[in-house]
Amino acid sequence: MAERIEQRLEDRVPELEQLERVGLFTRKEIRAVLRKASALEYKIQRRALRKEDFINYIQYEINLLELIKKRRARIGYSFKKDEIENSILHRVHSLFNRAIGKWKEDVQLWLSHVAFCKQWNTKHQLSKVFSSMLAIHPNKPALWIMAAKWEMETRLSSESARHLFLRALRFHPECPKLYQEYFRMELMHAEKQRKEKKAFEQAKMDLGEFSYSEEILNGEMARIIYRDAAQKIKGVGFHLAVLSIAKQFDFTQDLQKEILESLQSKYADDPLMWDYMARRELELGSLKSTEPTTKQTKVTEMTRREERCCAVFEEAVRAVPTEDMWKCYVTFCLERYNRKTNSEELKQKRLERTLNVFSKAHESDLLPEALYKQWLQLLLESSLPEKAVVVAEAATKRFSLSVEMWQMRLQVLIQLKSDDVTQYFEEAMKHTKSKGTLPLWTLWVEWSEGTNSKEDTEALYQRSLKATTPAESVTMKEMYLDWTYRNGGYKKVKRVFTSLCENRPFSLDFFRKMIQIEKEQESCKMPYLREYYERALREFGSTDSDLWLDYIKEELSHPQGKPENCGSIHWRAMKMLQGDLVEDFVSKYTLLQTGHL
């Protein structure tokens with residue numbers, strides 16, 4: 001092994017001598033490079049090879065190349081590149097090849113080699129890398145696309161790119177992304193040829209026997225790809241993606257028309273198709289007018305376009321009466337309403353249209369649950385509280401088991417200061433199951449705190465603890481403790497804390513809240529703090545290292561604390577904590593002892 005390493009180091013001598021001779025590196029720096037290279041070589045010659053060692057070696061060589069590049073720019077010396085940089089580039093490629101040979105499955109390693117080749121413009125080597133990578137990883141469409149794009153955009157070889165796409169489609173005959181990029185490539189190729197032909201015609205050059213194919217110039221190859229893909233790939237998404245690509249080229253009007261016709265005939269019952277066709281009306285310009293453009297004409301034109309969109313949506317909801325179709329319609333109306341405009345007239349029309357569509361969808365029983373909330377918000381923003389109450393009631397009738405719908409209705413009633421809030425809270429609890437009702441209980445007690453008597457609120461808190469699931473009751477316990485302290489004082493909160501501790505589960509914040517309450521008292525007593533810490537540690541001592549540290553700090557800093565207890569607390573912590581928490585505790589405890597925490 002040593003002989004091989006010595007040979008590799010000797011191979012570096014000519015380039016290092018050149019670096020010193022031309023003044024890019026000093027003798028001291030050359031020696032440092034040799035020492036570092038020797039250490040890195042030994043690491044990659046071991047019997048048990050590690051990927052990190054190869055990566056570190058490669059990164060070192062790349063850094064060396066960057067340093068040479070900067071120094072060349074500084075002193076203005078650009079000769080001897082064959083003897084210096086090319087030698088290092090060759091070595092980096094060799095290192096990449098060895099690493100990839102060992103860890104063929106690591107795609108990131110392949111991509112690093114590709115990135116290196118692109119950065120240092122080694123095109124011939126990059127072709128080899130792509131070829132080898134695709135032979136090992138033919139199951140990854142993204143790699144095929146990357147290779148084909150490089151052939152098309154960098155090497156300007158549409159023939160090679162086409163060959164790669166065709167090979168890729170043998171492995172992935174139903175991959176939408178491959179077809180999309182192949183489609184785009186053929187259109188780019190057609191555009192390139194159109195520009196070439198135009199340039200030749202303008203220069204009035206005689207092309208001899210060479211001639212451009214009219215079919216290729218008109219994007220016929222892309223049309224063939226689309227037709228082939230349309231037979232294999234189902235779904236509106238693919239057609240829309242291909243259509244958006246075709247729109248980027250100004251010679252594809254016929255192709256766009258064919259895609260649109262196919263879309264309409266094959267997916268007449270798909271909401272996405274109708275959504276696209278309706279929104280398309282916004283893009284279609286109006287007939288050219290000789291009249292000067294004013295603010296009012298712009299508003300009128302935009303109103304017409306939006307009305308055309310809505311006409312298509314109206315046709316859509318008649319043809320495809322589903323929740324998804326109404327969702328598309330409502331979403332469009334909301335988007336238009338939320339667009340900024342200086343015209344109050346246009347904004348008012350958008351609002352009326354949006355509310356009208358919401359009503360129609362609701363009357364059809366096809367308004368999705370998630371959109372009721374947006375409807376209510378819009379009604380309240382528009383100062384229509386009575387309508388909001390009616391809509392909220394209708395929403396809870398239709399989705400009587402939905403906690404979110406009841407929460408929404410109750411929020412509206414609270415906001416409008418209704419007298420029947422308690423009645424509807426009771427009704428909500430009857431309809432919804434105990435699991436998942438936490439938002440309703442938190443809303444109820446928060447409302448009660450500001451409206452009802454302390455006795456009623458306390459009774460409600462106690463009722464909520466029994467009605468919610470154990471996991472949800474944790475939050476209610478925290479809220480109950482906090483409310484009791486604010487309204488009943490220290491003595492009462494201690495009694496409540498003791499009673500709540502009889503039923504698990506608890507949260508860490510529940511105990512920390514009680515500890516904080518105790519510390520806020522003028523005569524803060526250490527025995528009580530110890531009790532609260534001990535209770536908390538019984539529940540969370542194995543999963544929270546900071547709790548142990550806070551206990552130790554309390555013993556050290558409190559006037560009634562006993563620093564001699566810290567040793568036993570530390571011993572208990574080491575016994576109870578699990579996994580990495582032990583190491584975390586030890587490091588923080590050391591910082592505490594040295595006064596850095």
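The values are calculated or read from the model by the stated rules, or taken from the named source; none is laboratory data. Quick caveat: nothing in here was measured; it's all calculated off a predicted structure. Cβ sites come from the backbone with ideal geometry, for glycine too, and all protein chains shown count toward neighbours. Just the protein is used for accessible areas: all its heavy atoms, side chains included, with ligands, DNA and RNA removed. Shrake-Rupley method; radii C 1.70, N 1.55, O 1.52, S 1.80 Å.
Once the cut-off is 15 Å, how many percent of the Cα-Cα pairs in region 521-596 end up in the long-distance tail?
Details: 1520 of 2850 pairs.
Looking at region 521-596, the distances longer than 15 Å represent 53 percent of pairs.
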Largest-first ranking of VAL22, VAL390 by accessible area, probe 1.4 Å, whole protein assembly kept, is VAL390, VAL22
For LYS70 and HIS90, extending 7 Å from Cα along the Cα-Cβ vector and measuring point to point gives, in nm, a value of 2.7
Zone reached by a paramagnetic label modelled 7 Å from GLN202 Cα along Cα→Cβ, restricted to region 144-163 with backbone N below 12 Å, covers none
Per the rule of 0.36 nm per residue minus the C-alpha distance, extending ASP509 to VAL390 adds in nm 38.8 nm
By the Kirkwood definition, with r running over pairs of different Cα atoms, region 163-253 has a hydrodynamic radius in Å of 14.3
Expressed in square angstrom to the nearest 10, the accessible area of LEU508 with a 1.4 Å probe stands at 30
Between ASN97 and VAL582, the FRET efficiency computed from the C-beta separation at R0 = 51 Å comes out, to the nearest 0.05, as 0.70
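Counting pairwise Cα distances across the chain, what percent come out greater than 44 angstrom? Can you show the working numbers first?
Numbers: 103927 of 177906 pairs.
Roughly 58 percent, once rounded to a whole number.
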Candidate cut points under GluC sites (Glu not before Pro) in region 400-494, DSSP loop plus at most 10 other Cβ atoms within 10 Å of their own Cβ, are none
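Rg over Rh of region 212-262, using C-alpha atoms and the Kirkwood radius, what does it come to?
On the way: Rg = 10.8 Å, Rh = 11.2 Å.
With Rh from the inverse mean 1/r over Cα pairs, Rg/Rh is 0.96.
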Note: SER38 to GLU564 extended length (0.36 nm per residue) minus current alpha-carbon separation gives 183.9 nm
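ARG227 to THR154: extension gain in nm, 0.36 nm per residue of separation minus the Cα-Cα distance? It would help to have the intermediate numbers written out before the result.
Working: separation 73, 0.36 × 73 = 26.28 nm, distance 2.83 nm.
The span from ARG227 to THR154 would gain 23.4 nm if fully extended.
I need to check one value: relative contact order of region 172-294, counting alpha carbon pairs closer than 8 Å and at least 6 residues apart, in percent. Walk me through the numbers on the way to the answer.
Numbers: 70 pairs, mean separation 35.2, N = 123.
The normalised contact order for region 172-294 reaches 29 percent.
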Note: probe point = Cα of MET479 + 7 Å toward Cβ; backbone nitrogen < 17 Å; residues of region 392-422 passing the test are 403-415, 421-422
Expected field for ILE145, accessible surface area in Å² at 1.4 Å probe radius, rounded to 10, holds 20
For ILE136 and LEU284, extending 7 Å from Cα along the Cα-Cβ vector and measuring point to point gives, in nm, a value of 5.4
dims of region 74-116, Cα set, principal axes, largest to smallest, nearest Å -> 42, 17, 11
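How much of the pair distance distribution for region 111-198 lies past 20 Å, counting alpha-carbon pairs only, in percent?
35
Ignoring ligands, DNA and RNA, how do THR437, THR322 rank by accessible area with a 1.4 Å probe, largest first?
On the way: THR437 5, THR322 55 Å².
Highest to lowest solvent-accessible surface, that is THR322, THR437.
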Quick calc, GLN374 & ARG167: beta-carbon distance into FRET formula, R0 41 Å, rounding 0.05, result 0.25
Rg/Rh of region 407-490 (Cα atoms, Kirkwood Rh), to two decimals, equals 0.95
Restricting to Cα pairs under 8 Å and 6 or more apart, the percent relative contact order of the chain works out to 4
So the FRET efficiency between THR498 and ARG463, C-beta based with R0 = 22 Å and rounded to 0.05, is 0.65
Each label sits 7 Å from Cα toward the beta-carbon; between SER418 and ARG47 the label points are separated, in nm, by 8.0
Rounded to the nearest 10 Å², the accessible area of LYS80 using a 1.4 Å probe with every protein chain kept is 80
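Assign unit charges at the C-beta atoms only (+1 for Lys and Arg, -1 for Asp and Glu), then state the dipole size of region 521-596 relative to its Cα centre in Debye, rounded to the nearest 20.
Details: 9 positive and 13 negative charges, 51 e Å.
With only Lys, Arg, Asp and Glu charged at Cβ, the dipole is about 240 debye.
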